[in-house]
Amino acid sequence: MKRKGLLILMLLTLTGCQEIYSVEDRAIVQILGYDYVDDNEVKGTVGVPHYGEEEKRTVEELNLTVTAESIKEFTEKIEKESSKPISIGKLTVTLYDKELAENGLEEVLDVLSRDPRIGRNIHMGVVDGDVQELIEAKYNQNETTARYVNGIIKNNSRRNFPRSNLHQFLYAYYAEGLDGYLPVLKKQNSHIKVSGIALFDGGTFVSTVEEDKVLTLKLLKEKVKKGTASLPSEDKAGIEVSDSSVEYRVNTKGEVPEFNISLKITGFINEMKQSPVDSVQTPNLVNKLEKDFAKHFKENAEKLITQFQENNTDPLGLGNLLKNRRRDFDKEKWEDQYPDVPVNVDVDVEITGTGISL
């Protein structure tokens, strides 16, 4: 009994050593964004939720904006303008305008990678427009901008857009032969949309994958269970991707490596301008659609790879694959070879169902 009493006393003593804060005592930052000012300054904006009376169940967002010469100075300045201590442990989204991303996010990435308070699953994004304006706009009186933006990125990554968060971006940033990418967000009147994918060379934004090709990028990077695409033709046939797989192979026998990508896609027709079709009664039409969609994704993949090589960005991780295959991997040699290395893409499409006409 004495030991039990001593243990309880020790636990109570240890508990008393930690200072406990309530939600009302802290300014909990959930969204943080930066705009480029000039080569010496950045403008940072934070969003802090403020909940109204319980019976009204309303939520408002307090925004604070300051201009600083560095990310560290921004943190110090924003603290001075807040009536409560700033807490970033619940940060869910960080945003950057295009001009800042084009000048490089190295300082931002260094801060994010070192701060233990920030979770590695937070979402990042490049804004086509003014970040401060996007954060401060009112979209829904019962939903904060942080929750709204976070939901948009999550929802789109379940379908056509490839997944990306802080952990994945940092992994690509520090890896050899691999580059990261982030969603591009754009404010349109009273809502926000994901309009493309920002490609990076290291920490610098170099190019954008347009919306009509983002599904192809996703197919080249990960397994797809939900995704939609349409043929750019008068038939207006649409496909719902239900499954996919991708395999990368590299031939290292020659001086210059050669890459082969095999992409397999399974789906069903969810749109057809022509009259309803049946996969049993019209096998010729089904075969034609399979070939047409295979050609469509192959052409998109080849255009993307050309875009990657021209902008010296490697989101597919071809260099990383080569590094794992060659013991004598030479980073400088690979960077010289990359813009011209042959990359062959083979696409196989299987249609499992048809019949919907819109």
Subject >> Vicinal HN-Hα couplings computed from phi for the stretch 167-178 (Karplus, 6.51 cos²θ - 1.76 cosθ + 1.60; Hz; Gly/Pro x) >> reply: 4, 5, 5, 5, 4, 5, 5, 8, 7, 8, x, 8
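Please compute the length gained on full extension between residue 189 and residue 340, using 0.36 nm multiplied by the number of residues separating them and subtracting their Cα-Cα distance.
Details: separation 151, 0.36 × 151 = 54.36 nm, distance 4.24 nm.
Stretched fully, the residue 189-residue 340 segment lengthens by 50.1 nm.
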Original post:
Quick one: putting +1 on the C-beta of Lys and Arg, -1 on the C-beta of Asp and Glu, what dipole do you get for the stretch 64-126 around its Cα centre, in Debye to the nearest 20?
Top reply: 460
Original post:
In degrees from 0 to 90, rounded to the nearest 10, what is the angle of the helix 2-16 Cα long axis to the longest principal axis of the chain?
Top reply: 80
Original post:
At what distance in angstrom do the alpha carbon centres of the stretch 89-160 and the stretch 290-308 lie from each other?
Top reply: 30
Subject >> Options 203, 242, 155, ranked by Cα towards positive dipole end of the chain, top entry (Cβ charges) >> reply: 242
Original post:
Between exposed GluC sites (Glu not before Pro) in the chain, where DSSP calls loop and at most 10 other Cβ atoms lie within 10 Å, what's the longest gap?
Top reply: 56-233
Original post:
In the chain, what % of DSSP beta bridges are antiparallel (nearest 5)?
Top reply: 70
**OP:** Using R₀ = 35 Å, calculate the FRET efficiency as 1/(1 + (r/R₀)^6) where r is the Cβ-Cβ separation of residue 72 and residue 171; round to 0.05.
**Re:** 0.90
Original post:
Rounded, prolate or oblate: which one fits the chain, using the alpha carbon gyration tensor with axes a ≥ b ≥ c (rounded when a/c is under 1.5, else prolate when a/b beats b/c, else oblate)?
Top reply: prolate
Original post:
What full-extension length gain, to one decimal in nm, is calculated for residue 284 and residue 226 as 0.36 nm per residue of separation minus the Cα-Cα distance?
Top reply: 18.3 nm
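I'd like the per residue volume of the convex hull spanned by the Cα atoms of the stretch 24-209, given in cubic angstrom.
Numbers: hull volume 21.3 nm³, N = 186.
In the stretch 24-209, the Cα hull volume divided by residue count equals 114 Å³.
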**OP:** List the residues whose amide H sits under 5 Å from the amide H of residue 204, counting only those 5 or more places along or on another chain, with H placed 1.01 Å from N in the peptide plane.
**Re:** 105
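So if I place +1 on the C-beta of Lys and Arg and -1 on the C-beta of Asp and Glu, and nothing else carries charge, what would the dipole magnitude of the stretch 24-209 be about its Cα centre? I want it in debye, nearest 20.
Details: 22 positive and 31 negative charges, 217 e Å.
Here the stretch 24-209 has a charge dipole of around 1040 debye.
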Subject >> Sites residue 253 and residue 117 - FRET efficiency at Förster radius 45 Å, r taken between beta-carbons, to 0.05 >> reply: 0.35
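How much FRET efficiency would the formula 1/(1 + (r/R0)^6) give for residue 327 and residue 262, where r is the Cβ-Cβ distance and R0 is 30 Å, rounded to 0.05?
Working: r = 25 Å, r/R0 = 0.84.
According to the calculation, E is roughly 0.75.
Using 25 Å as the Cα-Cα cut-off, could you pick out the over-long pairs in 226/291; 221/291; 80/193; 193/288; 223/295; 72/154? Spell out each step's value before the answer.
On the way: 226/291 20 Å; 221/291 22 Å; 80/193 33 Å; 193/288 34 Å; 223/295 19 Å; 72/154 29 Å.
Too far apart for the 25 Å limit: 80/193; 193/288; 72/154.
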Original post:
Between residue 60 and residue 312, what is the spin-label point distance in nm, taking each point 7 Å from the Cα along the Cα→C-beta axis?
Top reply: 5.0
Subject >> the chain - mean residue ellipticity at 222 nm from DSSP helices (-39,500 (n - 2.57) per run, n ≥ 4, rounded to 500) >> reply: -10000 deg cm²/dmol
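Please give me the summed charge of the neighbours of residue 179: other residues whose Cβ is under 11 Å from its Cβ, Lys and Arg +1, Asp and Glu -1.
Numbers: positive: none; negative: 176, 201, 314.
In short, -3.
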**OP:** Just tell me the longest site-free run in the chain, where the sites are trypsin sites (Lys or Arg not before Pro) in a DSSP loop having at most 14 other beta-carbon atoms within 10 Å.
**Re:** 159-222
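Under the classification rounded if a/c is under 1.5, otherwise prolate if a/b is larger than b/c and oblate if not, where does the stretch 173-330 fall, given a ≥ b ≥ c as square roots of the Cα gyration tensor eigenvalues? Intermediate values should be presented prior to the final figure.
Values: a/c = 2.74, a/b = 1.43, b/c = 1.92.
Oblate, because a/c is 1.5 or more while a/b does not exceed b/c.
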**OP:** Compute the acute angle (0 to 90°) between the alpha-carbon long axis of helix 145-157 and the principal axis of greatest extent of the alpha-carbon atoms of the chain; round to the nearest 10°.
**Re:** 30
Original post:
What's the angle, to the nearest 10 degrees (0 to 90), between helix 283-310's Cα axis and the longest principal axis of the chain?
Top reply: 60
**OP:** Taking H placed 1.01 Å from N in the peptide plane, check which residues at least 5 places from residue 237 or on another chain put their amide H under 5 Å from its amide H.
**Re:** 231, 273
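Every number here is computed from the coordinates shown, using simple stated rules; none is lab data. As the structure is a prediction and not an experimental result, all values here were calculated from the model. Don't worry about glycine lacking a Cβ; one is built from the backbone with ideal geometry, like all the others, and counts go over all protein chains shown.
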